[in-house]
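One structure is given here, and the rest of the page talks about it.
Just so it is clear, none of the values below were taken in a lab; they were calculated from the coordinates. The shown structure was predicted, so the numbers you read here are calculated from the model rather than taken from an experiment. Virtual Cβ from ideal backbone geometry, glycine too; neighbours counted across all protein chains shown.
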């Protein structure tokens, strides 16, 4: 793994073409790997709501990853739309974006972070990242519905 020390993480307003393309790639990947009706990834409109903050990670002038934090009504948070650009996989970038999101959640006094993700081999790298950081499998939360194709992970802060 080649680490990416020159990474810059910024709050993103979703107006840039590179960010929009990475969101599109994220949605395509989720739909390609999840049966119809089991993909709950946010599109641009869902990521643009007041309860969601999006960050993009940049290596120079190239987007490397995105990630978002949704504030839930119960004062907890949800990790959304984690995606690393294919050109930047296995460089520790997703871990740095996740650490950034966890840091913001702590600064906002959230007690728990949760996430919903798919199941199957396509999701194994992301699941490994979340589990290394301390996320554990748990119950469905929010307005999600439990299916055999989804998993729910939680991290106590």
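Quick look at the values:
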{"item": "Modelled FRET efficiency - R0 41 Å, residue 147 with residue 8, Cβ distances, 0.05 increments", "result": "0.65"}
{"item": "Residues in the stretch 44-68 that a label on residue 20 would reach, taking backbone N under 17 Å of a point 7 Å out along Cα→Cβ", "result": "44-49, 56, 63"}
{"item": "Antiparallel %, DSSP beta bridges [both residues in the chain], to 5", "result": "95"}
{"item": "Average Cα contact separation per residue, the chain, under 8 Å, 6 or more apart, as relative contact order %", "result": "22"}
{"item": "Relative exposure of 114, 48, judged by other C-beta atoms within 10 Å (fewest first)", "result": "48, 114"}
